[in-house]
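These notes are about the structure you will find just below.
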Amino acid sequence: MNVISDKLHVENNKWIGTRTIRPDGADKVTGRACYAADNVMPGMIWGKVLRSPHAHARIRSIDTSKAEALPGVKAVVTARDIVDFPLDKSVMLGIQDMRWMCRNVMAREKALFHGHPVAAVAAINEEVAAEACRLIEVDYEVLPHVIEIEDAIRPDAPILHDFLTFEDKPSNIAGRMEAKLGDVEAGFAQADVIVERTFRTRPVHQGYIEPQACTVSYAADGRATIWSSSQGQFMVRAMTSLLTGVPQSNIKAIPAEIGGGFGAKTIIYLEPVALLLSKKSGRPVKMVMTRDEVMRATGPTSGSLSTVRIGARRDGTIVAAQGTFYLQAGCLPGSPLRGPVGCSFAPYEIPNVLSVGYDVVSNRSKVAAYRAPGAPLGAYATESVLDELAGKLGIDPLELRLKNSAKPGSKAAYGATFGKVTFEETIEAIRTHEHYRAPLDKTPRPGVKRGRGVASGFWYNAGGESSAQVNITEDGNVLVTTGHPDVGGSRASIANVTAELLGIEHGRVSVQIGDTSSIGFSNLTGGSRVTFASAMVVTQSTEKVITQLRERAARIWKIDPEAVTWENGEARPAGPNAGQFPPLTLTELAAKANEMGGPIGAGVQLNTTGADPGFATHVVDVEVDVDLGIIRVLRYTAAQDVGRALHPSYVEGQIQGGVVQGIGWALSEEYLYDRQGRLDNASFLDYRMPVCSDVPMIEPVMLEIPNPKHPQGVRGVGEAPIVPPLAAIANAVHDALGIRFTSLPMSPPKVVEALEGA
Amino acid sequence: MAEIRYLAPRTLDEAVGAFAAAQGAARILAGGTDLLVQMRNGLAKPGLIVDIKKIAEMTEIAELPDGGFRIGAAVSGAMLAEHPRFGQVWPGVLEAVNLIGSKQVQGRASPGGNLCNASPAGDSVPAMIAAGAVVTVQGPEGRRQMPVEAVPAGPGRTNLRPGEIVVGFTLPPRPAGSGDAYLRMIPRTEMDIAVVGLGVSLTLAGGTVTHARVGLGAVAPTVLLVEEAGNALLGSRLEEAALDAAAAACRAACRPINDKRGTIAYRTKVAGVLLKRAVAIAAQRAQGGN
Ligand SMILES: Cc1cc2nc3c(=O)[nH]c(=O)nc-3n(C[C@H](O)[C@H](O)[C@H](O)COP(=O)(O)OP(=O)(O)OC[C@H]3O[C@@H](n4cnc5c(N)ncnc54)[C@H](O)[C@@H]3O)c2cc1C
């Protein structure tokens, strides 16, 4: 469904808002697309990582001599080869601290989780490299380990890092973040009803299909080329530079097609190691993670322990809200505290808020960003408590949200004062949707119960640095280059925008992703920013190109450029000269480009702003098989303000994908550890992401309320949809069973146990 | 790097000869959907692979004059599904075999491989046990027969003797009024491994159970024949009490472990639930429904 608020604007569009064929589609469905692991080079050798067999151990020494002596081995790398960032001084790249990154790519003083890289080998083939890894002798002093949050924050917990202190004592609490508004205690004193609950979520993995992979060639002149898939070739360049000491100007990072990232590919694991192996061996080095390595050693998102307390007056006015969120960082600091601390209460106008997050380290792989980092686990707590509050107050849960929703001018505890806020529209869209109004038979068959739940969500969205170049080819077609890996169909949206602005057939526009040496700096594909930011720089570049085209036509006609308009892909004389000359098409102008002043093209580089936040409201129906404890999602409708859907298919795809990942988080995905601190389900068989047949068609309701700060009205859409599902599903299960699950996933054994206890 | 030899003999004698001569360094390859995965994981490192799919007897499905069926050990799930008669007579066995993996896996995976892989969670095995299937085995000392439930010895281990290959399954003739069913509990809807799997085969005469067998998977080191469950149903008209007793027998037979796929308490409970549900389907089929 598509609800459009400014019809006129839209009806004039030929390409924007249409479902054009995506530029990367044919290559992907025919298997031609070149992903990171597809790159092959003459003389290439293979790198493999030796990983810690212990969850926590001091590394006393590493002897690589036997491995180096094995025929076919060309290089061995340990932490000694990686640039050391001393513990006392933070060096940041974006949100990543290089002190932690250098220890994450290669264990330094200690191995901090089972699977932590300890050394790496490059050899003539994978088998020899694996054999060489077995020949490396590491002397470990095995230390007690700690996995769960509750255990890690106990006073007698094994401490991971002596240098981390909290309240002046060595601690696994690596940091604290707070968002505050008013006075919560005074607020709770005004409340007639207060609900407080504690919630637990497990770490979940982003679950991208493509494993991390790269090929790195370090040449004799000190220049390196990296082929890898990531959510930012410029991040790859910068982080590899920092960790290897090779200057950025000597590194060219070429982005491969990416087979999913969902935030996790905003950091790197292999590239610096492969670069150092290549430098030592003089050969291009290829590294490809196995699925086991991906699950074990690339970051999932944090598990959490949260307590949320909300107080309201009898009439439903919320007067105070408090949240305490403990997040698992994995073995090195850096949980996404900003997600739960800032987003949990942001959709609501609440005068008194205290939201506090703690960053807790334990012997797990370091977390990485995952779609709206941290926000879903916070919303799970808040939106579950709101559901319970609505029940206690006898108010419809959507009414309660509507009554307290943030409005233009509302101040959020995290600091923002909102401009345009479109939260109410999402609630109304669900409240008036046929799904919410349809009767639900709660006991359709013996042994089966059904329920309906709602929840809302918030995500900040982001602008930031983007670059684009638009060039007219000699034959009068268009090549657009941007600097963002395309994970969600951004090339398709950019093609629509460019064709629209130039007034030409869509098929005449090609869009490509530039490498770090061919396009200006562009920040990560993340934060729901790429379509927003790249449409902005592409629009400005294209407008410059149109100005050039008008100037060329003016010069040919010998009239003032101001008297030339650009319409339907051609320059036309206007004003007093209207009709004086036959129009000049893009093709004709391109053919005359060189005699009339040279090649036609323009680029723009910007730090984009104006990405206002995203809001979403969802409704879901679930069915519970009470004897087996299986919960199935029957129907799901997700409403979101998407600003402007440049290409509706990929906006829908974002909403549907986010919801499906939320369903997995709620029902079946979790990291399971054994007693030795080893991950016990490092495969897609036992790490249970939903498969197609597990989920119904998710119905997206795209509310097209243009963002006034964007040339096409775009608003980020990728992250908000994963925020509500956890609570929406838990609330639906409560409606079905009368049991409120405060711990995810709601797996069958847990459901049966709860039903037997009820 | 160790070398791997590959043989695809045309006769069973050649296959047994090569397999036995390799003295444990060889592995039989049917569909390879377990073996190749294990080789990639480094769990299996055979020096010789003996592919049995080129042996005619291994890939044949035959309806016998007495009404029974003979299925070659290497018949794929897809081939079995395409047989015009098999699914009508043994819908439960067919659905169990067809539950293995996905469409792609079905093109390869065989009931022989499923049995010889000896996973306690193999889907076709409880249904075959319930059906009363017997396997024919050929080895250096000739042919012998054994009931399906006698093949697995423990996770990943069988009671086959060195050099022995499973040739095929024989399913008995089906009296009128018979029906079978297989159900498994998986948290997802497909591409998952059974937390509990249960097969039932029934014959009813005038509403009374005259024959009942129950196979139960994923709750013990091997797939089990639960004779007590069959006995509890025998002579009954599938009254609540008989169903309760059969479900209790299934629960009592469970010797599960707590693992990432399910808890002891959960698996035990589910065994009873599946018994009742599978019996209901089998009984309906026995009485002419689908
Ligand atoms: C993606 C995927 C999904 C799967 N899903 C399921 C599922 O849902 N349920 C399930 O039960 N299994 C599942 N499996 C496992 C596997 O597909 C089945 O066990 C299948 O039946 C194995 O048959 P195969 O012919 O491929 O066996 P192979 O891999 O060829 O052989 C398996 C083992 O048996 C031995 N063997 C094979 N045939 C004989 C013989 N005739 N005599 C002696 N030894 C023999 C082999 O040496 C090997 O050790 C899945 C596997 C994959 C890859």
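Among the residues of the range A:99-142, what is the count of those that are under 18 Å from A:Val77 (Cβ atoms), within 14 Å of another protein chain (Cβ to nearest Cβ) and assigned to a helix (DSSP H, G or I)?
Number of matching residues: 8.
Name the residues in the range A:549-584 that are in contact (Cβ under 8 Å) with a residue 40 or more places away in the chain, under 15 Å from A:Gly503 (Cβ atoms) and buried (at least 16 other Cβ atoms within 10 Å of the Cβ), would you?
A:Leu549, A:Trp566, A:Gly569, A:Glu570
Regarding B:Gly168, is this residue among the small types (Gly, Ala, Ser), crowded, with 19+ Cβ neighbours inside 10 Å and within 14 Å of another protein chain (Cβ to nearest Cβ)?
No; evaluated as a whole, the condition is false for this residue.
Mind telling me which of the residues B:Glu3, B:Glu14 ends up being at pLDDT below 95 and more than 12 Å from the ligand (Cβ to nearest atom)?
After applying the criteria, what remains is B:Glu3.
Taking the range B:173-200, which residues are open to solvent by 30 Å² or more (accessible area, probe 1.4 Å), over 13 Å from B:Ala127 (Cα atoms) and within 12 Å of the ligand (Cβ to nearest atom)?
Residues satisfying the conditions are B:Thr189, B:Glu190, B:Met191, B:Ile193.
Hey, any hits in the range A:423-433 for a residue that's under 23 Å from the mean Cα position of the chain (by Cα), at pLDDT below 95 and crowded, with 20+ Cβ neighbours inside 10 Å?
No, the range A:423-433 has no match at all.
Using beta carbons and a limit of 9 Å, which pairs, at least six apart or on different chains, have the first residue in the range B:222-247 and over 17 Å from B:Ala282 (Cβ atoms) and modelled with pLDDT of 95 or more and the second one of a type in the set (S, T, N, Q) and open to solvent by less than 50 Å² (accessible area, probe 1.4 Å)?
Taking only residues 6 or more apart or on different chains, the pairs are B:Val223/B:Ser119.
Being in contact with a Leu (Cβ under 9 Å, 6 or more places away or on another chain), under 27 Å from A:Gly25 (Cα atoms) and of a type in the set (Val, Ile, Thr) is the requirement here; does A:Thr266 meet it?
yes
Only one of these is closer than 30 Å to A:Ala682 by Cβ and more than 22 Å from the chain's Cα centre (by Cα): B:Leu35, B:Leu43. Name it.
Being closer than 30 Å to A:Ala682 by Cβ and more than 22 Å from the chain's Cα centre (by Cα) holds for just one of B:Leu35, B:Leu43, which is B:Leu43.
Within the range B:89-110, is there a residue that is within 14 Å of another protein chain (Cβ to nearest Cβ) and away from the ligand (no atom under 12 Å from the Cβ)?
Looking for residues that are within 14 Å of another protein chain (Cβ to nearest Cβ) and away from the ligand (no atom under 12 Å from the Cβ), one finds none in the range B:89-110, hence no.
Can you tell me which condition B:Thr170 does not meet? The list is (1) in contact (Cβ under 8 Å) with a residue 24 or more places away in the chain; (2) β-branched (Val, Ile, Thr); (3) within 13 Å of the ligand (Cβ to nearest atom), and all the others hold.
All conditions pass for B:Thr170, except number (3).
Cβ-Cβ under 9 Å, sequence separation 6+ or interchain: first residue in the range A:10-33 and free of Cβ contacts under 8 Å to residues at least 60 places away in the same chain, partner β-branched (Val, Ile, Thr). Which pairs?
That search, which allows pairs on different chains as well, returns nothing.
When the residues of the range A:451-477 are filtered to those that are farther than 19 Å from A:Thr531 by Cα and of a type in the set (A, V, I, L, M, F, W, C), which remaining residue is most open to solvent (accessible area, probe 1.4 Å)?
A:Ile472
Would a scan of the range A:253-263 turn up a residue that is free of Cβ contacts under 8 Å to residues at least 40 places away in the same chain and surrounded by fewer than 24 Cβ atoms within 10 Å (Cβ to Cβ)?
no
Is it true that some residue in the range B:258-267 is aromatic (Phe, Trp, Tyr), at pLDDT 95 or above and in a strand (DSSP E or B)?
no
Checking the condition farther than 18 Å from B:Ala133 by Cα and in a helix (DSSP H, G or I), which residue from B:Val105, B:Val93, B:Val97 passes?
Exactly one residue qualifies, and that residue is B:Val105.
On the given criteria, is B:Leu160 assigned to a loop (DSSP other than H, G, I, E, B) and either more than 14 Å from every other protein chain (Cβ to nearest Cβ) or free of Cβ contacts under 8 Å to residues at least 40 places away in the same chain (or both)?
The answer is yes for B:Leu160.
Of the residues B:Gly47, B:Gly32, which single one is of a type outside the set (S, T, N, Q), within 30 Å of A:Met289 (Cα to Cα), out of contact with any strand residue (DSSP E or B) (no Cβ under 6 Å at 6 or more places or on another chain) and surrounded by fewer than 18 Cβ atoms within 10 Å (Cβ to Cβ)?
B:Gly47
What number of residues within the range A:717-751 are open to solvent by 10 Å² or more (accessible area, probe 1.4 Å), of a type in the set (Val, Ile, Thr) and either in a helix (DSSP H, G or I) or farther than 19 Å from A:Asp621 by Cα (or both)?
Final tally of qualifying residues: 1.
If I filter the range A:501-552 down to residues being of a type in the set (Gly, Ala, Ser), more than 21 Å from the chain's Cα centre (by Cα) and part of a helix (DSSP H, G or I), which single residue comes out as modelled with the highest pLDDT?
Taking the candidates together, the pick is A:Ser541.
Quick one: what pairs do we get from the range B:18-36, first residue in contact (Cβ under 8 Å) with a residue 12 or more places away in the chain and of a type in the set (A, V, I, L, M), second open to solvent by 20 Å² or more (accessible area, probe 1.4 Å) and more than 6 Å from the ligand (Cβ to nearest atom), C-beta under 6 Å, 6+ apart or different chains?
Short answer, once both residue conditions are applied: B:Ala18/B:Leu7; B:Ala20/B:Pro140; B:Ala25/B:Gly47; B:Ala26/B:Phe19.
Given the condition open to solvent by 30 Å² or more (accessible area, probe 1.4 Å), more than 14 Å from chain B (Cβ to nearest Cβ) and not polar (S, T, N, Q), answer yes or no: does some residue in the range A:686-699 qualify?
Yes, there is a match, as at least one residue in the range A:686-699 is open to solvent by 30 Å² or more (accessible area, probe 1.4 Å), more than 14 Å from chain B (Cβ to nearest Cβ) and not polar (S, T, N, Q).
Identify, from the list B:Pro91, B:Pro9, the residue that is touching a residue at least 24 places away in the same chain (Cβ under 8 Å) and closer than 21 Å to B:Leu160 by Cβ.
B:Pro9
The values are calculated or read from the model by the stated rules, or taken from the named source; none is laboratory data. Note that the structure is predicted; figures quoted are calculated from it, not measured. Backbone-built Cβ (ideal geometry, glycine too); neighbour counts: all protein chains shown. All accessible areas refer to the heavy atoms of the entire protein, side chains included, with ligands and DNA or RNA removed. Shrake-Rupley method; radii C 1.70, N 1.55, O 1.52, S 1.80 Å.
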